[in-house]
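Everything on this sheet refers to the single structure shown next.
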Amino acid sequence: MRIISGIQPTGPLHLGNYLGAVKNWLELQRNKNNECFFFIADYHSLTENFEPKEKYNQILEISAELLALGLDPGKSILFIQSQVPQVTELAWIFNCITPISFLERMTQYKDKSQRQSQNVNAGLFTYPVLQAADILIYRGEAVPVGKDQVQHVELASDAAKFFNNRFGEYFKIPKAILTQTPKIMSLLKPDKKMSKSLGADHCIFLSDSPAEIERKIKKAVTDVGPAKNQKLTTNNQQPVMSPGVSNLFLLLENFGDAKDVKKFLDDYRAGAIKYAELKEVLAKRITDYFSDFRKKKEALLKNSEKISAAYSQGSKKAQKIASKTLGEVKRLVGLRK
Ligand code: AMP
């Protein structure tokens with residue numbers, strides 16, 4: 001199966017990016033039947049507020065982080081979106097077959113245009129069209145993403161269907177694939193997804209120091225009652241966990257061992273849980289889990305040529321496939337003989 005997914009270079013990776021997407025990328029890369037394409041979505045990142053002076057370092061940092069986590073240019077095609085400019089040509093063609101009303105429905109566009117009300121640029125609006133081109137130019141079939149991206153993958157499926165109906169069957173219809181943890185919540189506002197745009201203390205970054213991890217988890221919200229739209233059913237007569245607590249348990253299930261989870265669940269059910277203790281164990285487990293990663297990232301950043309080489313090799317492979325698709329699309333559309 002052809003797998004494709006990307007990540008924006010807007011800062012370091014956080015636990016939401018890891019558990020929602022990148023962990024899945026590593027598993028998919030292991031399966032020899034998959035052809036994986038993973039890219040740094042630098043064009044997409046221009047739709048948000050950014051500092052030109054910081055952008056290149058952000059690209060380099062996230063490129064290093066993906067390598068440090070185990071993405072392997074020998075197994076997957078790793079590339080930088082803007083190094084394959086054909087994608088913007090395909091996006092233009094998709095722009096001309098995508099109804100505006102479909103883009104107006106996008107919840108990310110609505111959220112982001114409220115958050116950056118001084119910068120509601122056209123790129124923010126047509127972002128899902130570029131994303132459709134990102135997927136379809138490599139004839140992608142499956143897109144491993146977090147829950148917040150599912151609507152965009154559906155738009156890519158719609159773009160493929162519009163194209164096929166108008167110009168003849170050409171694209172396969174892509175679908176999203178989710179992990180068991182498609183939405184990790186903010187530490188401080190657990191009714192919202194973990195996101196850099198809420199602020200650094202809402203997230204744990206994979207490269208945070210042990211002291212930072214401990215400090216952030218100590219501040220994490222625990223019992224504040226159920227979320228507004230959380231179902232109030234009780235599960236086997238157990239009290240409903242508040243969203244902050246259930247987020248911490250979710251992290252413990254992923255980074256701790258079964259013994260940790262059992263102990264704190266038993267305490268929770270008995271009404272005897274000490275959150276300070278849970279937080280201490282969780283901070284330690286996350287610190288240990290990413291200790292190797294932190295060292296590898298540092299080493300890679302000292303050797304930026306190695307990082308660039310890994311991605312430029314992938315960019316060349318991606319360009320070849322993208323050019324082929326674009327040539328065929330231009331013929332189908334009637335731009336070429
Ligand atoms: P982005 O940083 O928006 O480029 O997102 C990169 C990937 O991480 C996408 O597949 C997102 O769906 C995923 N992601 C971002 N935030 C979260 C979160 N809080 N929980 C789960 N997945 C997430």
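The values are calculated or read from the model by the stated rules, or taken from the named source; none is laboratory data. All values reported here derive from a predicted model rather than from experimental measurement. Cβ: placed from backbone, ideal geometry, glycine included. Neighbour counts: every protein chain shown. Just so you know, the surface numbers come from the protein's heavy atoms only, side chains and all, with ligands and any DNA or RNA stripped out. Shrake-Rupley method; radii C 1.70, N 1.55, O 1.52, S 1.80 Å.
Once the whole set of protein chains is in place, how much accessible area is left on Thr88, using a 1.4 Å probe, in Å² to the nearest 10?
60 Å²
Could you tally the net charge around Ala176, taking each other residue with its Cβ under 10 Å from the Cβ of Ala176, Lys/Arg +1 and Asp/Glu -1?
+1
Rounded, prolate or oblate: which one fits the stretch 260-337, using the alpha carbon gyration tensor with axes a ≥ b ≥ c (rounded when a/c is under 1.5, else prolate when a/b beats b/c, else oblate)?
In terms of gyration-tensor shape, oblate.
How large a share of the accessible area of the stretch 123-197, in percent, is made up of carbon and sulfur atoms when the probe is 1.4 Å and the other protein chains stay in place?
50 percent
What net charge is computed for the residues neighbouring Lys110, neighbours being all others with C-beta under 14 Å from the C-beta of Lys110, Lys and Arg scored +1, Asp and Glu -1?
Result for the local shell: 0.
Helix 258-269 versus the longest principal axis of the chain: what angle, 0 to 90°, nearest 10, using Cα atoms?
Result, in degrees: 60.
What is the angle, in °, between the Cα long axis of helix 304-333 and the longest principal axis of the Cα atoms in the chain? Nearest 10 is fine, range 0 to 90.
Around 50 degrees separate the two axes.
In the chain, what percentage of the DSSP-assigned beta bridges are antiparallel, given to the nearest 5?
20 percent
Please compute the net charge surrounding Ser207, taking Lys and Arg as +1 and Asp and Glu as -1 over other residues with Cβ under 10 Å from its Cβ.
-3
Given points 7 Å out from each Cα along the Cα-Cβ axis, report the Asp201 to Lys320 separation in nanometres with one decimal.
The modelled label-to-label distance comes out at 5.1 nm.
May I ask you to give the solvent-accessible area per residue for the chain, in square angstrom, as obtained with a 1.4 angstrom probe?
Value for the chain: 49 Å² per residue.
Tally up the carbon and sulfur contribution to the accessible surface of the stretch 24-75 as a whole percent, 1.4 Å probe, everything protein left in place.
That fraction is 47 percent.
Kindly sort Glu280, Glu298 by accessible area of their heavy atoms, largest first, with the probe set to 1.4 Å.
Descending accessible area places them as Glu280, Glu298.
Calculate, in nm to one decimal, what Asp266 and Ser308 gain on full extension: separation in residues at 0.36 nm each, minus their alpha carbon distance.
10.2 nm
Using a 1.4 Å probe, how large is the accessible area of Met241, given in Å² and rounded to the nearest 10?
For Met241, solvent-accessible area is about 40 Å².
To the nearest 0.05, how large is the calculated FRET efficiency for Glu253 and Ala299 if R₀ is 25 Å and r is the Cβ-Cβ distance?
It comes to 0.25.
Rounding to the nearest 10 and keeping the result within 0 to 90°, find how far the Cα-based axis of helix 122-136 lies from the longest principal axis of the chain.
That works out to roughly 80 degrees.
Please report the accessible area of Leu13 (heavy atoms, 1.4 Å probe, ligands and nucleic acids excluded) in Å², nearest 10.
Looks like 0 Å² after rounding.
7 Å from Cα along Cα→Cβ at both Phe167 and Gln114: what's the point-to-point distance in nm?
3.7 nm
Kindly identify the chain as rounded, prolate or oblate by the Cα gyration tensor criterion: order the square roots of the eigenvalues as a ≥ b ≥ c, call it rounded if a/c is under 1.5, otherwise compare a/b with b/c, prolate if a/b is larger, else oblate.
Judged from the Cα gyration tensor, the chain comes out prolate (a/c at least 1.5, a/b above b/c).
Please give the Cα centre distance for the stretch 47-118 versus the stretch 304-337, rounded to the nearest Å.
Computed from Cα coordinates, the inter-centre distance equals 16 Å.
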